[in-house]
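Asker: Once you've had a glance at the structure underneath, I'll fire off some questions.
The values are calculated or read from the model by the stated rules, or taken from the named source; none is laboratory data. Computed from a predicted structure; not experimentally measured. Counting neighbours? That spans all protein chains shown, and the Cβs are built from the backbone with ideal geometry, glycine included. Accessible surface is based on the protein model in full, side chains and every heavy atom, while ligands, DNA and RNA are left aside. Shrake-Rupley method; radii C 1.70, N 1.55, O 1.52, S 1.80 Å.
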Amino acid sequence: MANKTRTLGPGSLKIGESGTQQDFSADVTNVTLTPDTSTDDTINYLDGSSEAGAQTTSWTLEGNIKEDYSMTGVQVWCLQNAGKSMPFEFVPSNTGGLKLTGNLTVSPVGFGGDVKAKNDISFSFACDNVEPQANSAG
């Protein structure tokens with residue numbers, strides 16, 4: 001029976017080009033890379049034949065981060081890079097051997113929450129070209 005890695009973390013989440021990546025790993029408290037698959041309706045023809053509808057999948061990278069109100073924090077970085085398309089790397093577990101890569105569009109992240117608290121704030125980025133790869137660190 002093959003070894004299975006079932007626990008999320010420790011791992012990493014990095015966004016941007018190699019060498020200039022923003023590392024979300026120390027800020028993320030939960031993260032998911034979620035597919036949304038839809039299928040067009042079947043097309044029926046007069047001769048009685050039919051054609052299956054096309055299937056498309058879109059992806060979303062989403063989760064929560066602990067807020068950081070510094071100018072070098074993830075929230076400020078997201079605001080400064082909003083609308084930009086960038087590559088990402090998501091390693092769910094350093095011991096699992098899996099790395100998910102693709103491209104995402106950076107969206108701004110909110111600010112604020114409960115006073116005198118370390119608040120979580122959610123993020124959500126639309127993704128494409130999602131691919132599984134072997135994680136050389138795994």
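Asker: Note down all Cβ pairs under 9 Å where the first residue falls in the stretch 116-138 and is on the phi < 0 side of the Ramachandran plot and charged (D, E, K, R), the second is exposed (fewer than 15 other Cβ atoms within 10 Å of the Cβ) and in a loop (DSSP other than H, G, I, E, B), and they're at least six residues apart or on different chains.
Answerer: The qualifying pairs are ASP120/GLY113.
Asker: Tally the residues that are under 15 Å from the mean Cα position of the chain (by Cα) and touching a residue at least 40 places away in the same chain (Cβ under 8 Å), restricting the search to the stretch 93-115.
Answerer: Going residue by residue through the stretch 93-115, those that are under 15 Å from the mean Cα position of the chain (by Cα) are 93, 98-109.
Checking the rest, the ones that are also touching a residue at least 40 places away in the same chain (Cβ under 8 Å) come to 93, 98, 100, 102, 104, 106, 109.
The total comes to 7.
Here's the yes/no breakdown for (1) open to solvent by 50 Å² or more (accessible area, probe 1.4 Å); (2) closer than 30 Å to ASN3 by Cβ:
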{"position": "THR60", "(1), (2)": "no, yes"}
{"position": "ASN64", "(1), (2)": "no, yes"}
{"position": "VAL74", "(1), (2)": "no, no"}
{"position": "TRP77", "(1), (2)": "no, no"}
{"position": "LYS84", "(1), (2)": "yes, no"}
{"position": "PRO87", "(1), (2)": "no, yes"}
{"position": "THR95", "(1), (2)": "yes, yes"}
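Asker: Could you tell me which of the residues GLY9, GLY19 is surrounded by 12 or more Cβ atoms within 10 Å (Cβ to Cβ), on the phi > 0 side of the Ramachandran plot and not in a strand (DSSP E or B)?
Answerer: Numbers: GLY19 fails: surrounded by 12 or more Cβ atoms within 10 Å (Cβ to Cβ).
Sole residue among the options that is surrounded by 12 or more Cβ atoms within 10 Å (Cβ to Cβ), on the phi > 0 side of the Ramachandran plot and not in a strand (DSSP E or B): GLY9.
Asker: In the set PRO108, PRO92, which member is at pLDDT 95 or above and over 29 Å from ASN135 (Cβ atoms)?
Answerer: Of PRO108, PRO92, the one residue that is at pLDDT 95 or above and over 29 Å from ASN135 (Cβ atoms) is PRO108.
Asker: Working only within the stretch 121-138, note down all residues that are surrounded by 15 or more Cβ atoms within 10 Å (Cβ to Cβ) and within 13 Å of GLU67 (Cβ to Cβ).
Answerer: Of everything in the stretch 121-138, those that are surrounded by 15 or more Cβ atoms within 10 Å (Cβ to Cβ) and within 13 Å of GLU67 (Cβ to Cβ) turn out to be ILE121, PHE123.
Asker: Continuing with the same structure: Can you tell me which residue in the stretch 107-120 is nearest to TRP59 (Cα to Cα), limited to those that are surrounded by 13 or more Cβ atoms within 10 Å (Cβ to Cβ) and out of contact with any strand residue (DSSP E or B) (no Cβ under 6 Å at 6 or more places or on another chain)?
Answerer: This residue is PRO108.
Asker: Test each condition in (1) out of contact with any Gly (no Cβ under 6 Å at 6 or more places or on another chain); (2) open to solvent by 30 Å² or more (accessible area, probe 1.4 Å) for LEU104 and report the one that comes out false.
Answerer: (2)
Asker: Filtering the stretch 30-44 down to residues that are touching a residue at least 24 places away in the same chain (Cβ under 8 Å) and surrounded by 11 or more Cβ atoms within 10 Å (Cβ to Cβ), which residue is farthest from PHE125 (Cα to Cα)? Please lay out each step first, then the result.
Answerer: If we filter the stretch 30-44 for residues that are touching a residue at least 24 places away in the same chain (Cβ under 8 Å), which is where we start, we get 30-36.
If we keep only those that are surrounded by 11 or more Cβ atoms within 10 Å (Cβ to Cβ) as well, we get 30-34.
Values: ASN30: 14, VAL31: 11, THR32: 11, LEU33: 10, THR34: 11 Å.
Per the stated criteria, the residue is ASN30.
Asker: Is the stretch 70-92 home to any residue that is in contact with a Lys or Arg (Cβ under 8 Å, 6 or more places away or on another chain), free of Cβ contacts under 8 Å to residues at least 24 places away in the same chain and under 25 Å from LYS116 (Cα atoms)?
Answerer: no
Asker: Then there is this: In the set THR60, THR56, which member is over 17 Å from LYS14 (Cβ atoms), of a type in the set (Val, Ile, Thr), modelled with pLDDT of 95 or more and not in a loop (DSSP other than H, G, I, E, B)? Show your work before the answer.
Answerer: Details: THR56 fails: modelled with pLDDT of 95 or more.
Of THR60, THR56, the one residue that is over 17 Å from LYS14 (Cβ atoms), of a type in the set (Val, Ile, Thr), modelled with pLDDT of 95 or more and not in a loop (DSSP other than H, G, I, E, B) is THR60.
Asker: Based on what the data block shows, is GLU51 touching a residue at least 60 places away in the same chain (Cβ under 8 Å) and open to solvent by 50 Å² or more (accessible area, probe 1.4 Å)?
Answerer: No; evaluated as a whole, the condition is false for this residue.
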